[in-house]
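J.: One structure coming up, written as structure tokens, with questions to follow.
Rule-based calculations on the coordinates, nothing more; no lab input. Owing to the predicted nature of the structure, the values given are computational and were not obtained by experimental measurement. Heads up, the Cβs are rebuilt from the backbone with ideal geometry, glycines too, and the neighbour counts pull from every protein chain shown.
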Amino acid sequence: MKRFTTLLVIGVLIAGTVSSTIDDGHEQTYLIRVTAKDLPATATMLQRLDFDLTGVDPEASTLDAITDDAGLTLLEQRGIPYIIVTEYSAISSKDISQYLDPKEGEQKLKQLAHTYPTLTNLVQVGLSLEKRPILALKISDNAALREDEPSVLFNGMHHAREVMTAEVVFDTAEFLLSRYGKDPKVTQWVDSIEIWIMPHVNPDGNQAVFDGNRWWRKNRRVVSEKITGVDLNRNYPFWWAACGGSSSSPNSETYHGTGPASEPEASAVVTLAREIRPVLDISYHSYSELILYPYGCQGKKSGEHAMLKDLGDAMSAVTVTDSGTGRYRSGLPWEILYGVAGDDLSWMHAELGTLAYVFELNGSSQGFQPDYDKWRTSTIERMRPAWSLMLDRLDGPMLTGHVTDASNGKPLVAAVTISAFALTNAEPARTTEPRFGRYFRPVLPGTYEVIFSAPGYLPVTKQVAVGKTPLLLDISLQPQG
């Protein structure tokens, strides 16, 4: 018992020294690589000791972390083999100027909006802690209008050091806009979907990276007169601070903040997502060459796990690794990486029913800031098949339609309950959106019982058979009495 207590104390010290070293000194900080037979178990153990876990390589059974001399001592005491990949001094001088910093990203969004005025609508969805605009660009054939169409969201840069993520999001926008009216498939997507991009969710933290703090991860929240930051991808409302998937210590790289969506950057994503209610979502991170889907908490699965897995596996099959020979691995975070809580994909799926995914870009050899000239083009091109497949999924098996008041034809906010998909994790009911009374429920081909209900109305139950394409099912509910 005495030995265990000592290790926990060392773990707490690691959390403090790693965070303060990354922010102030750097010299005694290392990127290390740990070999482990059970990657998720080892990752979970190190995460709970507040190591800054950076990525995994499932094929090599290794995981990477940032730590200091105290962390190295702890690994040696536990008999965990590791190698030092690099010291911070070797990273701090690396040129990342070709990547887009927050100001350049803002200018690029404005340029796209100016170049394609009828296809885009640039919206400020929030302000960061340091008062930088958090912007989202809508791409659609009638971008200034809210149409009765499904929405899809692509976002990047939750974590400040992951500079490739914004490049992939921008490439998605440029690909769609430059090919509209020329490529029939692109034209179909833009005409029938409202596509949203948010390249820089965390502009303040990212600016700190460009200012020289290459390993900075969180936002720039000040705690006790010191910039410690909050991990934005542990700050979302669903299962916030739950299941050991985040930390209550401000010095930890997975610090979840003082409350659900306490940070303006996470709040901006929540506000936009609640407004547009995306059917599908990709959040880009790095690194590990993984595709993750809900839920993040240890042992938890969605009642819609089969759909999440089906699309995740399909995207995995078309996403080539940096080596050019393998494929990204798909799965639940706690099965192939480590448990997380308060993450955006779990929140979006739980509250909005979104089929939401995280892509961990690039492998451990490239890390957070791959050589731009060597890896930027190949990375964005390797992401295109997956997000194209995701957009095509909206033409796949799905239940969709409108729910209206039978007495006046007005749209209703109604629950659309598919009996086969139990909500067993305290999720709210899946409902229609209020403007059109529209619902979009991706399913797998099969027969389903669907119950439509709303307060003050008689429920309607339907038995439906869904094939390989969307099934349109409009429902009118009779008022009670």
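J.: How large is the helix-only mean residue ellipticity at 222 nm for the chain, computed as the sum of -39500 (n - 2.57) over DSSP H runs with n ≥ 4, divided by its residue count, in deg cm²/dmol to the nearest 500? Intermediate results must be reported in sequence, preceding the final value.
T.: Numbers: 13 runs with 152 residues, N = 481.
About -9500 deg cm²/dmol.
J.: Let me ask something else about it. Starting from 0.36 nm per residue, how many nanometres of slack lie between Leu389 and Glu174 once their C-alpha separation is accounted for?
T.: Numbers: separation 215, 0.36 × 215 = 77.40 nm, distance 1.73 nm.
Difference between extended and current length: 75.7 nm.
J.: Can you give the angle from 0 to 90° between the axis of helix 102-115 and the longest principal axis of the chain, with both taken from C-alpha atoms, to the nearest 10?
T.: On a 0 to 90 degree scale, this one is about 30.
J.: Segment 206-361: Rg/Rh from Cα coordinates, Kirkwood Rh?
T.: Values: Rg = 15.8 Å, Rh = 16.1 Å.
Over the Cα atoms of segment 206-361, Rg/Rh equals 0.98.
J.: If you average the alpha carbon positions of segment 42-98 and of segment 351-418, how far apart do those two centres end up, in angstrom?
T.: 31
J.: Moving on to the next point. Once label points are set 7 Å from the Cα along Cα→Cβ at both Arg78 and Ala317, what is their separation, rounded to one decimal in nm?
T.: So the label points at Arg78 and Ala317 sit 3.8 nm apart.
J.: Helix 69-78 sits at what angle to the longest principal axis of the chain, using alpha carbons and giving 0 to 90 degrees rounded to 10?
T.: Its long axis makes an angle of about 80 degrees.
J.: Moving to a separate point now. Quick one: net charge of Tyr439's neighbours, Cβ under 9 Å, K/R +1, D/E -1? The partial results should precede the final answer.
T.: Working: positive: Arg430, Arg438, Arg441; negative: Glu433.
It works out to a net charge of +2.
J.: Here is a further query. What distance in nm lies between label points placed 7 Å from Cα along the C-beta direction at Ser224 and Val464?
T.: 5.4
J.: Read through the labelled values (1) 1.06; (2) 1.42; (3) 0.98 and report the label of the one computed as Cα Rg over 2.2 N^0.38 Å from the structure.
T.: (3)
J.: If we count other beta carbons within 10 Å of each Cβ, what is the order of Asp204, Asp474, Asp191, Asp231, fewest first? Working shown, then result.
T.: Working: Asp204 24, Asp474 11, Asp191 14, Asp231 27.
Ascending Cβ contact count within 10 Å gives the list Asp474, Asp191, Asp204, Asp231.
J.: If I fit a long axis through the Cα atoms of helix 39-48 and take the longest principal axis of the Cα atoms of the chain, what angle between them do I get, 0 to 90°, rounded to 10?
T.: Roughly 70 degrees, rounded to the nearest 10.
J.: Quick one: length gained pulling Gln107 to Asp95 fully straight, 0.36 nm per residue minus the C-alpha distance? Don't skip to the end; give the middle numbers.
T.: Values: separation 12, 0.36 × 12 = 4.32 nm, distance 2.10 nm.
Taking Gln107 through Asp95 to full extension adds about 2.2 nm, to one decimal.
J.: Under a straight-distance cross-link criterion of Cα-Cα below 20 Å, which lysines are reachable from Lys309, leaving out those fewer than 8 residues away in the same chain?
T.: Cross-link targets: Lys300, Lys301, Lys468.
J.: Name the residue farthest towards the positive end of the dipole of segment 398-477 from the options Phe421, Leu472, Tyr457, assuming +1 on Cβ of Lys and Arg, -1 on Cβ of Asp and Glu, about the Cα centre.
T.: Toward the positive end, the furthest listed residue is Leu472.
J.: Say a site is exposed when it is one of the GluC sites (Glu not before Pro), sits in a DSSP loop, and has at most 14 other Cβ atoms within 10 Å; what is then the longest site-free stretch of the chain? Present the calculation step by step, with values, prior to reporting the outcome.
T.: Numbers: sites that count: Glu27, Glu59, Glu130, Glu225.
Longest stretch, sites excluded: 226-481.
J.: Here is a follow-up. Taking the Cα of Thr115, stepping 7 Å toward and past its beta carbon, and measuring to each backbone N in segment 153-176: which are under 11 Å?
T.: Residues 171, 173-176 qualify, since their backbone N sits under 11 Å from the label point.
J.: Within the chain, what percent of beta bridges assigned by DSSP are antiparallel, to the nearest 5? Working shown, then result.
T.: Details: 51 of 78 bridges.
Of those bridges, close to 65 percent are antiparallel.
J.: Kindly put Thr469, Thr321 in sequence by how many other C-beta atoms sit within 10 Å of each C-beta, fewest to most. The partial results should precede the final answer.
T.: On the way: Thr469 11, Thr321 15.
Ordered by Cβ neighbours within 10 Å, fewest first: Thr469, Thr321.
J.: Extending each Cα 7 Å along its Cβ direction at Gln480 and Ser378, get the distance between those two points in nm, one decimal.
T.: With each label placed 7 Å out from Cα toward Cβ, I get 6.3 nm.
J.: Right, something else. Taking neighbour counts of Cβ atoms within 10 Å as a proxy for exposure, in what order, fewest first, do Lys301, Lys94, Lys131 appear?
T.: Lys131, Lys94, Lys301
J.: Continuing with the same structure: Could you give the length gained on full extension between Ser365 and Asp211, defined as 0.36 nm per residue of separation minus the Cα-Cα distance, in nm? If you can, show how the numbers build up before the last one.
T.: On the way: separation 154, 0.36 × 154 = 55.44 nm, distance 2.37 nm.
Residue separation times 0.36 nm, minus the Cα-Cα distance, leaves 53.1 nm.
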